[in-house]
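The values are calculated or read from the model by the stated rules, or taken from the named source; none is laboratory data. Note that the structure is predicted; figures quoted are calculated from it, not measured. Here the Cβ is made from the backbone with ideal geometry for all residues, glycine too, and neighbour counts use every protein chain on show. Please note that ligands, DNA and RNA were not included when accessible areas were found on the heavy atoms of the full protein model with its side chains. Shrake-Rupley method; radii C 1.70, N 1.55, O 1.52, S 1.80 Å.
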Amino acid sequence: MAIIREAKKEDAALVFDFITKLAEYEKMTDEVVGSVELIEKWVFDQKKAEVVFIMKDNKEVGFALYFYNFSTFLSKPGIYLEDVYILPDFRKQGLGKMVFDYLINKAKNEGLSRIEWVCLDWNTPSIDFYKKIGAKALDEWTTYRLDNKAIIEFK
């Protein structure tokens, strides 16, 4: 049986381990410059994000990290799913749907407006899953980012 478990501060190293596994899958390991200490500070001490683990047979086999955003047009908060990752041996077992069930129930119970996330355009297994659960791609929107270097150099 699989369950969702909310992460605690003592799970910071495990959260960071899942982040590195996700980065390997996304071919972005060179972009991981965070640390367990930063996860402890920002996720658990400052509560800027929340993490849940997907548990199967008493073992963490995946994680999801999310935080609250806000829609000005709807005048209500929503959930932004930053990352969800399930170990390869545990995919296609309904665990991804379980994560979305958890987040959807959270959104319903808290009266939130929506759940949003981004997905790499080459990740067809995830894209197919998202379409299957009723998610719609926002093709008319382009994501922009000011990275840390751009923030520091901003004039």
*Extreme residue, farthest from LEU81 (Cα to Cα), among residues of segment 1-46 that are aliphatic (A, V, I, L, M) and in a loop (DSSP other than H, G, I, E, B)*: MET1
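How many residues are within 21 Å of ALA64 (Cβ to Cβ) and loosely packed, with under 10 Cβ neighbours inside 10 Å if we restrict to segment 129-144?
3
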*Taking GLY111 as meeting all but one of (1) more than 18 Å from ILE4 (Cα to Cα); (2) open to solvent by less than 50 Å² (accessible area, probe 1.4 Å); (3) within 17 Å of the chain's Cα centre (by Cα); (4) not hydroxyl-bearing (Ser, Thr, Tyr), write down the number of the exception.*
(3)
*asked:* Going through LYS76, LYS92 one at a time, which residue ends up being of a type in the set (D, E, K, R), at positive phi and more than 17 Å from the chain's Cα centre (by Cα)?
replied: LYS92
